[in-house]
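Worksheet: the structure to be examined is printed underneath.
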Amino acid sequence: MVTHKGGCHCGRVRFEVVARARITVSECNCSICSKSGYLHLVVPAARFKLLSGGDSLSTYTFNTRTAKHLFCSVCGIKSFYVPRSHPDGFSVNARCLDPGTVQEMSVRQTNGREWEKQYPKGRGEYSD
Ligand SMILES: [Zn+2]
């Protein structure tokens with residue numbers, strides 16, 4: 001496990017996340033992820049730390065309003081958020097990680113468009 005750092009485009013929002021150096025991320029086909037091209041690296045809350053920019057975050061919600069789509073109110077980038085599948089954790093946008101610590105990234109597909117079918121238990125598992 002290594003500590004990856006990342007953040008939004010303007011630099012106000014900065015975070016660190018503990019994960020493997022070789023990460024598996026999810027590309028989701030749901031209405032919002034497909035439009036933003038978000039790549040999910042989902043971790044338990046204990047492995048995520050917001051370093052700065054909390055006061056710049058805005059929250060967008062829709063549908064069940066379980067997911068908290070957090071984005072930088074200055075540059076608009078959603079670098080992490082609280083997903084409906086893991087409401088007690090965080091999903092980091094792998095596209096927003098700083099270069100240097102990710103050795104390898106493999107992408108798997110998530111069928112968020114049919115959310116109840118993808119997550120029959122009403123939530124997702126943590127992969128590691
Ligand atoms: Zn920003």
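Brief remarks follow.
- Count - residues of region 25-52 that are away from the ligand (no atom under 16 Å from the Cβ), among the polar types (S, T, N, Q) and surrounded by fewer than 17 Cβ atoms within 10 Å (Cβ to Cβ): 3
- Looking only at region 99-116, residues that are farther than 16 Å from CYS30 by Cα and part of a loop (DSSP other than H, G, I, E, B) come to 5 in all.
- Residue that is farther than 27 Å from MET1 by Cβ, β-branched (Val, Ile, Thr), out of contact with any Asp or Glu (no Cβ under 8 Å at 6 or more places or on another chain) and surrounded by 15 or more Cβ atoms within 10 Å (Cβ to Cβ), where the choices are VAL74, VAL102, VAL82: VAL74
- Single condition VAL17 does not satisfy, out of (1) surrounded by 14 or more Cβ atoms within 10 Å (Cβ to Cβ); (2) within 16 Å of the ligand (Cβ to nearest atom): (2)
- Top-ranked residue in region 84-93 [being modelled with pLDDT of 95 or more and touching a Ser or Thr at 6+ places or on another chain (Cβ under 9 Å); ranked as nearest to VAL42 (Cα to Cα)]: SER91
- Residues in region 66-80 that are outside any loop (DSSP other than H, G, I, E, B) and either touching a His at 6+ places or on another chain (Cβ under 8 Å) or near the ligand (Cβ under 7 Å from one of its atoms) (or both): CYS72 alone.
- Boolean, LEU41 is touching a residue at least 12 places away in the same chain (Cβ under 8 Å), in contact with a Lys or Arg (Cβ under 7 Å, 6 or more places away or on another chain) and not small (Gly, Ala, Ser): no
The values are calculated or read from the model by the stated rules, or taken from the named source; none is laboratory data. Fair warning: this is a prediction, and the values are worked out from it, not measured in the lab. When we count neighbours, we look across all protein chains shown, and the Cβ atoms used for this are built from the backbone with ideal geometry, even at glycine.
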